[in-house]
Each structure stands twice: as structure tokens, then as C-alpha cells.
Amino acid sequence: MKVEKQQVSRVNSFPKSARILTSAGYRRVTGRPAKKSVSPHFLLFVLVENGSKEPRLGITVSKKVGNAVVRNRIKRGIREFFRQYRSRLAPSFECVVIARPRAGRVSPLELTKSLTKLFKSYEVPICTNI
């Protein structure tokens, strides 16, 4: 008996190509020409003109935020937010989200609200006129 694998929709996936993985990538985004946005829970560094084909994300969560469980929860929340939100961003968009110490004490709803406020100014207008 042959078992068929289900096809999983990859529309909202988060592949390696959508991540900033190297220290050089982080330095490029957090360098001088980058834009910076601040909230009580996060810092957002943005590089809009990177020549990439899709938006990319880097995450930094230090030990000041909390223990490993707390840090991983924050990272999962940021990744999930970006995975759902990236269709609204320009293809040449790169960002680094740095969690501040207060981020360890936020609820998932507060985390989403805080990130939405930070990313709101970088949305690409969606044209609905055909």
C-alpha cells in the first residue's frame, strides 16, 4: 500500500532565503544608512534597497530578555508575525528586529501590536484598481 504525502501550501512559509543568517548581513542592515524604529519592546532596523527578491528578516534576542524559553518564545512570535506580514512589504526589504529587555514580559497579543506599529510605515500600498 502506497501512502501519498500531502502537499503543504508554501505561500506563507519562512524559507532560509527569507532569513538574514550571517553577521555581515546583520551589520549591513544595522549600519549607518539603515532606518531605525523604536518601541518599548523592540528596535527595528530597516534596509529597503538591498536588491533581494523577497523580504528578509534577522532576529536578535539577548539573555537580558529572559531565559532560553522566553527568548525562543519571542523569536517564534517575531518569525510568525513576519511570515504573515511579509506579503505587505517590498521585495527589496531587509530588517533586523532586536528585542529589548521588556519584550520578555509581553503577551503574544501585545507582541503583535508592537510589531504591527513598527512595520506599518514600511508597508507597500496594494493596488486594487485593475
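The values are calculated or read from the model by the stated rules, or taken from the named source; none is laboratory data. These numbers come from a predicted model, not from an experiment. Methodologically, a virtual Cβ is constructed for each residue, glycine included, from the backbone with ideal geometry; neighbour enumeration extends over all protein chains shown. Quick note on the areas: whole protein, heavy atoms, side chains included, nothing else; ligands and nucleic acids left out. Shrake-Rupley method; radii C 1.70, N 1.55, O 1.52, S 1.80 Å.
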The set of residues whose placed amide H lies less than 5 Å from the amide H of residue 100, leaving out same-chain residues fewer than 5 positions away, is 42, 43
Trypsin sites (Lys or Arg not before Pro), restricted to the stretch 15-98: which are DSSP loop and have at most 15 other Cβ atoms within 10 Å?
53, 63, 64
Pull up all non-local amide H partners of residue 58: gap of 5 or more, or a different chain, and H-to-H distance under 5 Å with H placed in the peptide plane.
20, 95, 96, 97
At a Förster distance of 25 Å, what's the computed FRET efficiency of residue 22 paired with residue 113, Cβ-Cβ distance as r, to 0.05?
0.25
Express the accessible area of the stretch 44-130 per residue in Å², computed with a 1.4 Å probe while the remaining protein chains stay in the model.
59
Can you work out ³J(HN,Hα) from phi for every residue in the stretch 74-82, in order, using Karplus 6.51 cos²θ - 1.76 cosθ + 1.60 and θ = phi - 60°, giving whole Hz and x for Gly and Pro?
5, 4, 4, x, 5, 4, 5, 4, 5
Tell me, in nm to one decimal, what length is gained between residue 84 and residue 53 on full extension, where the rule is 0.36 nm per residue of separation less the Cα-Cα distance?
9.4 nm
Report, by chain and number, residues whose modeled amide H sits under 5 Å from the one on residue 89, excluding near sequence neighbours (fewer than 5 apart, same chain).
124
